[in-house]
1. Would you mind pulling out the separation of the Cα centroids of the stretch 80-117 and the stretch 60-77, in Å?
2. Report the extension gain between Lys24 and Lys82 in nm, rounded to one decimal, defined as 0.36 nm multiplied by the number of residues separating them, less their alpha carbon distance.
3. From the cross-link list Lys65/Lys143; Lys65/Lys120; Lys24/Lys143; Lys10/Lys124; Lys47/Lys120; Lys29/Lys82, which pairs have alpha carbons spaced over 29 Å apart?
4. List the trypsin sites (Lys or Arg not before Pro) within the stretch 82-144 that fall in a DSSP loop (any state other than H, G, I, E or B) and whose Cβ has at most 10 other Cβ atoms within 10 Å.
5. Given a Förster radius of 25 Å and the C-beta distance between Arg106 and Ser127 as r, what FRET efficiency does 1/(1 + (r/R0)^6) yield to the nearest 0.05?
6. Applying the Karplus parametrisation 6.51 cos²θ - 1.76 cosθ + 1.60 with θ = phi - 60° to the phi angles of the stretch 84-100, what ³J(HN,Hα) value in whole Hz is obtained for each residue in order, glycine and proline being reported as x?
7. Roughly how many nanometres apart are two label points built 7 Å out from the Cα toward the Cβ at Arg148 and Ser62?
8. Would you work out which of Leu118, Gly132, Val87 lies farthest towards the positive end of the dipole of the chain, given +1 charges on the beta-carbon of Lys and Arg and -1 on that of Asp and Glu, about the Cα centre?
Amino acid sequence: MGFFSIFVVKEINQAIVLQFGDPKKIILKPGLNFKIPFIQNVVFLDKRILNLDTPPEEVIASDQKRLIVDAFARFQIIDPLKFYISVGNERVARSRLATIINSRLRSVLGKQELQTLLSKDRTKQMSLIQEGVNTEAENFGIKIVDVRIKRADLPQANSEAIY
């Protein structure tokens with residue numbers, strides 16, 4: 001019985017002790033901890049900075065030119081209780097973050113001309129995107145560390161017309 005009451009929180013994790021599904025204790029530091037067997041269970045959440053690859057999204061620039069943008073983000077769970085209550089797990093959080101990032105990408109990049117989007121002066125747009133995503137991600141107990149564009153390509157039809 002004593003074996004079921006001991007659990008270890010590793011350095012890369014944070015934990016929430018649940019009693020009949022309700023959060024009772026947040027554990028942020030690594031070490032040996034105790035719980036009441038069969039009444040309490042533990043949910044472990046990652047403390048590390050996590051990666052999120054969003055699906056490619058078609059963006060229409062302000063000059064009505066289309067661009068396929070493939071972005072990624074790095075995020076960290078900073079409030080485990082808020083995270084657990086609002087999204088429950090990492091899979092749901094990734095799905096919601098991907099939607100928010102793609103929405104913010106379309107909104108910010110849609111106000112720019114294609115030439116600006118393809119230039120090296122993307123830093124300003126990326127920081128605007130990161131700020132907007134961070135504002136919404138805070139509601140989930142998440143901090144967005146970075147948002148970047150991996151690739152920005154013209155759609156196949158536009159590529160053929162240009163070349």
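1. Cα centroid of the stretch 80-117 versus Cα centroid of the stretch 60-77: 10 Å apart.
2. Full extension from Lys24 to Lys82 adds 19.6 nm.
3. Working: Lys65/Lys143 32 Å; Lys65/Lys120 18 Å; Lys24/Lys143 23 Å; Lys10/Lys124 38 Å; Lys47/Lys120 33 Å; Lys29/Lys82 17 Å.
Over 29 Å apart, Cα to Cα: Lys65/Lys143; Lys10/Lys124; Lys47/Lys120.
4. Numbers: sites: Lys82, Arg91, Arg94, Arg96, Arg104, Arg106, Lys111, Lys120, Arg122, Lys124, Lys143; in loops: Lys111, Lys120, Arg122.
Those that pass, being in a loop and sparsely packed, are Lys120.
5. Values: r = 17 Å, r/R0 = 0.67.
Plugging the Cβ-Cβ distance into 1/(1 + (r/R0)^6) gives 0.90.
6. Karplus values, whole Hz, x for Gly and Pro: 5, 5, 7, 10, x, 8, 5, 4, 5, 4, 4, 5, 5, 5, 4, 5, 5.
7. Here the modelled spin labels are 2.7 nm apart.
8. Value computed over the given set: Val87.
No lab work stands behind these numbers, since they all come straight from the coordinates. As the structure is a computational prediction, the values presented were derived from the model and not from experiment. Glycine also receives a Cβ, built like all others from the backbone with ideal geometry; neighbour counts cover every protein chain displayed.
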